[in-house]
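Notes follow once the structure below has been shown.
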Amino acid sequence: MNSEQELIKWKDKPSWFESIKIEEYEKLAAIGYTPKQIAMYYNIPYPDFDWYFNLIGSPLKYHYDRGQLMQQAKEGIVMAASAETGENVTQAQRLDKLRREVEFKNTIQNIFYGDID
């Protein structure tokens with residue numbers, strides 16, 4: 001049996017999935033709450049939440065990552081607009097730092113996971 005056959009993919013939603021408001025869930029991720037804290041917020045046993053979170057194709061993982069990305073992108077857009085004129089040096093510095101962080105994360109992701117999502 002090869003490792004691809006051993007991977008478990010998301011198929012059926014757990015009964016508690018409907019209690020999660022996706023927009024709110026993404027905002028919690030954007031704020032920086034961990035999956036464990038979010039499970040507690042929704043009163044879901046963490047081992048159960050974690051199992052579904054880590055499945056291939058998990059909407060929990062997708063929306064968690066999307067929430068973080070959306071917040072970081074919004075902040076980046078504001079920083080870029082403020083730094084564009086060259087008058088706000090602090091925003092330009094913050095934007096450079098954000099760019100380096102994003103580039104670093106993307107490089108690590110590419111090295112370790114390649115095309116795997």
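Scanning the range 59-93 for residues that are within 12 Å of the chain's Cα centre (by Cα) and not aliphatic (A, V, I, L, M) turns up Pro59, Lys61, Tyr62, His63, Tyr64, Asp65, Arg66, Gly67, Gln68, Gln71, Gln72. Would you check if there is a residue in the range 69-79 being assigned to a helix (DSSP H, G or I), among the polar types (S, T, N, Q) and under 30 Å from Ala92 (Cβ atoms)? So far as the range 69-79 goes, yes, one or more of its residues are assigned to a helix (DSSP H, G or I), among the polar types (S, T, N, Q) and under 30 Å from Ala92 (Cβ atoms). Would you please name the residue that is surrounded by the fewest Cβ atoms within 10 Å (Cβ to Cβ), looking only at residues in the range 33-64 that are free of Cβ contacts under 8 Å to residues at least 12 places away in the same chain and under 21 Å from Glu101 (Cα atoms)? Among residues in the range 33-64 that are free of Cβ contacts under 8 Å to residues at least 12 places away in the same chain and under 21 Å from Glu101 (Cα atoms), the one surrounded by the fewest Cβ atoms within 10 Å (Cβ to Cβ) is Thr34. Within the range 16-32, the set of residues being farther than 14 Å from Leu69 by Cβ and either among the aromatic types (Phe, Trp, Tyr) or surrounded by fewer than 17 Cβ atoms within 10 Å (Cβ to Cβ) (or both) comprises Trp16, Phe17, Glu18, Ser19, Lys21, Ile22, Glu23, Glu24. Exactly one residue out of Gly76, Gly67 is of a type outside the set (S, T, N, Q), surrounded by 12 or more Cβ atoms within 10 Å (Cβ to Cβ) and within 30 Å of Lys11 (Cβ to Cβ): that is Gly67. Might you let me know whether the range 86-95 holds any residue that is closer than 20 Å to Ile31 by Cβ, of a type in the set (Lys, Arg) and without any contact (Cβ under 8 Å) to a residue 12 or more places away in the chain? No, because not a single residue in the range 86-95 is closer than 20 Å to Ile31 by Cβ, of a type in the set (Lys, Arg) and without any contact (Cβ under 8 Å) to a residue 12 or more places away in the chain.
Quick note: the coordinates plus some simple rules give every number you see, no bench work behind them. Note that the structure is a prediction, hence the values are computed from the model and not measured. Because the Cβ atoms are built from the backbone with ideal geometry, glycine has one as well, and the counts that use them run over all protein chains shown.
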